[in-house]
Every structure is written in C-alpha cells, then in structure tokens.
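The values are calculated or read from the model by the stated rules, or taken from the named source; none is laboratory data. Keep in mind it's a predicted model, so treat the numbers as computed, not measured. Cβ atoms come from the backbone with ideal geometry, glycine included; neighbour counts cover every protein chain shown. When the accessible area is computed, the model is the full protein with side chains, heavy atoms only, and any ligands, DNA or RNA have been set aside. Shrake-Rupley method; radii C 1.70, N 1.55, O 1.52, S 1.80 Å.
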Amino acid sequence: MCDVESLVKASHEAKLRAYCPYSKFQVGAAVLTEDGKVFTGCNVENVSYSLTICAERSALVKAVSEGHTRFKAIAVASNMPDTYIRPCGACRQFLLEFGKDYDVYMTKPDHTFIKSSPVELMPHGFTPLDLMSYEKPGN
C-alpha cells in the first residue's frame, strides 16, 4: 500500500521527466488507484500552448488506459518554493470526472502538502450525474 509521503515523493520524481522547453515549469503528478497501484505523469508542452497536457491529466490518462477509474488520491508537485501547486481549472474538471471525494495533495518542493478534494477544488462542477439528470429533447 502507498502512504501519502510515498505518493508525494513519486509526484516530485515525475516532475523531473516534464517536457517543458518553453515555460521551464516542471510539474509532476502521482495518482493512487483504489487497488493500490500508482501511476505518474508530467506536463508535456507543445509549441502550440493549447495542446499542452498537464501532469494531473497525464497521470490520470495513464491509469485509465490501464483500466483504472477509481482513485484514492493524487499528489501534484512543482518547483514553486513559496506556494503549494494547485491544479488548473481544466485539471480540476478532469479530477472531478472520477469522483468528488478522493484526496488531492498539493505540494511544495520540500514535500510539505495541503489536502483537498476534487469537489472542494471545483465546487458546482459539471459531473457525470448532471448528464444523467438531463432530459433529452424528444423524450
């Protein structure tokens, strides 16, 4: 089983693999599945900035591509020394896709962290339940 410190460490190791030749802003993430597996990801930039993928989405996509859609926690890391890294809006929505209440650890380079959850980071976000309650035209 993975503890919080190990997950945070894995996110910091993942940031070292970031492909960020334009911004030089390294971000790493490590996601823990419900069955105890850890998948890591890093940001991958593109010269067309809108095609850049964030570390959080990179880690989640790796996990989903291996058949995992239920998560216990995710840790996010960067080199920002004075503040905890926080997921961007797109990542907050992506995190919410897989549940409201798993742990999101936002870290500093010294491995200290604060804990939140997808629903706390994206209150009133659009979830799969919103589509289930949608009455389609013609029905």
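Worth pointing out:
- Any hit, the range 34-46, residues being without any contact (Cβ under 8 Å) to a residue 60 or more places away in the chain, in contact with a His (Cβ under 7 Å, 6 or more places away or on another chain) and farther than 22 Å from Ile114 by Cβ: yes
- Condition met for Leu51 (over 14 Å from the mean Cα position of the chain (by Cα), surrounded by fewer than 16 Cβ atoms within 10 Å (Cβ to Cβ) and closer than 29 Å to Leu131 by Cβ): yes
- Test: residue in the range 39-53 that is outside any helix (DSSP H, G or I), under 18 Å from Leu121 (Cα atoms) and touching a helix residue (DSSP H, G or I) at 6+ places or on another chain (Cβ under 9 Å): no
- Taken over the range 78-95, the criterion of being open to solvent by less than 40 Å² (accessible area, probe 1.4 Å) and either assigned to a loop (DSSP other than H, G, I, E, B) or among the aromatic types (Phe, Trp, Tyr) (or both) is satisfied by Ile85, Pro87.
- Among residues of the range 54-77 being touching a residue at least 12 places away in the same chain (Cβ under 8 Å) and of a type in the set (Gly, Ala, Ser), the one that is most open to solvent (accessible area, probe 1.4 Å) is Ser58.
- All of (1) in contact (Cβ under 8 Å) with a residue 24 or more places away in the chain; (2) open to solvent by 20 Å² or more (accessible area, probe 1.4 Å); (3) in a helix (DSSP H, G or I) hold for Phe98 with one exception: (3).
- Candidates in the range 101-139 are the residues that are open to solvent by 80 Å² or more (accessible area, probe 1.4 Å) and part of a helix (DSSP H, G or I); of these, the one that is modelled with the lowest pLDDT is Met132.
- Among the conditions (1) closer than 18 Å to Tyr84 by Cα; (2) open to solvent by 20 Å² or more (accessible area, probe 1.4 Å); (3) outside any helix (DSSP H, G or I); (4) not aliphatic (A, V, I, L, M), Gly28 misses just one, which is (2).
- Restricting attention to the range 12-36, the residues being in contact with a strand residue (DSSP E or B) (Cβ under 9 Å, 6 or more places away or on another chain) and among the basic types (Lys, Arg) number 2.
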